[in-house]
Amino acid sequence: MLDPIVNFFTRIFHALGRGIGLLVAWIMWPFLAAGRWYARRGWLIKGPIGIFLLVLAGLYVYFVWNSQSWTGFDVKYATAYEFNQRNNSAGAEVADAAGTCSRSAIADVTADLIDLNVNQNAWISSMLLYKLGLFGVDWDHTPFLDNKASFQRGINQAVRRTTVELVDTLGRVRGTSQVDQNLQDARGNMQFDEETWYFGLNPFGPKTPTPSFYRSAIRDLANFNGKLGSCDATFDGRADNLLTFIDRIANDIGSTSDILRERSENYNRGWFDTRADDRFWFSFGQLYGYYGIMRAARADFHDIVQSRGLAPLWDRLDDQFEAALQLQPLIISNGREAGWIMPTHLATMGFYVLRVRTNLTEIRDVLDR
């Protein structure tokens, strides 16, 4: 009586197995054909090809390891700076220490974020095998091996915005002083593209890789802070400068929110949206960077925060950053908001991004009164 049902499912699973076998055979055919061709060659050809394949395999092991190993990742890294123990604004003279001024916490955190990206970790975006992609397909268009690269680029977005603001508003008295050369150099180095390897085609020839420029920015920021600590540089800690700084960051985060919204609304394919993961981790990295930078800004503008009564709003901002950084799903899904099988991580991240932006806007409004 049950034989027809058993036979039906047997045929189904037999067809599925045959289909999977054909798919695997189709994928493996080029490699098997290449193996047969290689076996018929002499050692004069086998030797160089074998060495090349061994080097390529080693490069892939190195690439995969670096793309999956996240050194120094800590969503509460800003607490280690103990900014709450600082009582001086950046650039202010330190009591009982003649000729000594407070360093900029923003410059310190920004340099440490760059160090996290290019010294504690390999900079993934300019690695040769990342640039080559998966059989010519950009890694960002696959669900594999691109999360760390997107996270690093998100941090880099926050760092770039910050170095620009250090030059334009914070590191000088606007209209009455020259731009600090170290900050100018740091901004220029951080504007360098994110994908340059040791050799390129346009223009053709050897190049200085991206991480070298970013490492130079670390030294530039350290030099600025050294001069600031000896009262030989300027940090203009006025309320209008803080307002401008927060406004620019809010706009930067707002642009990311719009990217998340567009992807969530128009490409909600659940677990099968291959670009959802890089959108998510870019946003996560951007918030990760701004979390420490805004903690540092609170210390650098200590007097303004206290005099304007901004401490409660800033505490809430810190809470929003920390809540957003707790969202770390194993697999990123871009499902429908009303769906019940596949979650909607992009919409959730967009919600957290908007909460952070709302808190920044509240602080800005208080400063603008």
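The values are calculated or read from the model by the stated rules, or taken from the named source; none is laboratory data. Since the model is a prediction, treat every value here as computed from it, not as a measurement. Here Cβ is always computed from backbone atoms with ideal geometry, including for glycine, and neighbour counts include all displayed protein chains. Only protein heavy atoms, including side chains, enter the accessible area calculation; ligands, DNA and RNA are left aside. Shrake-Rupley method; radii C 1.70, N 1.55, O 1.52, S 1.80 Å.
Structural remarks
- Cα centre as origin, Lys/Arg/Asp/Glu Cβ charges: the stretch 265-307 dipole, Debye: 60
- Cα gyration tensor, the stretch 130-205 - rounded (a/c under 1.5), prolate or oblate: oblate
- Under a 5 Å amide H cut-off, with hydrogens placed 1.01 Å from N, Gly270 pairs with Asn334, Gly335, Arg336 among residues at least 5 apart or on other chains.
- Calculated Cα Rg over 2.2 N^0.38 Å (choose from [x] 1.00; [y] 1.24; [z] 1.20), label: [y]
- Heavy-atom accessible area, probed at 1.4 angstrom with all protein chains present, ranks His14, His345 as His14, His345, highest first.
- Close amide H partners of Gly200, meaning residues 5 or more places away or on another chain with modelled amide H under 5 Å apart, are Gly205, Lys207.
- Charge sum, other residues only, whose C-beta stays under 12 Å from Ser255's C-beta, Lys/Arg counted +1 and Asp/Glu -1: +1
- Against the criterion of solvent-accessible heavy-atom surface with a 1.4 angstrom probe, Asp112, Asp278 sort, most first, into Asp112, Asp278.
- Three-way shape label, the stretch 1-148, alpha-carbon gyration tensor, a/c 1.5: oblate
- Close lysine pairs were tallied over the chain: pairs 8 or more places apart or on different chains with Cα atoms under 28 Å apart number 5.
- Shown are Lys207, Lys46, Lys131, Lys148, whose ranking by accessible area with a 1.4 Å probe and every protein chain present, most to least, is Lys131, Lys207, Lys46, Lys148.
- Listed values for the stretch 224-238 are Karplus-derived 3J(HN,Hα) couplings in whole Hz (6.51 cos²θ - 1.76 cosθ + 1.60, θ = phi - 60°), namely 4, 5, x, 5, 5, x, 9, 6, 9, 9, 10, 10, 8, x, 7, and x replaces Gly and Pro.
- Other residues with beta-carbon under 13 Å from the beta-carbon of Arg275 carry, at +1 per Lys or Arg and -1 per Asp or Glu, a net charge of -4.
- Exposed loop sites here mean chymotrypsin sites (Phe, Trp or Tyr not before Pro) with a DSSP loop assignment and at most 13 other beta-carbon atoms within 10 Å; the chain contains its longest site-free run at 1-134.
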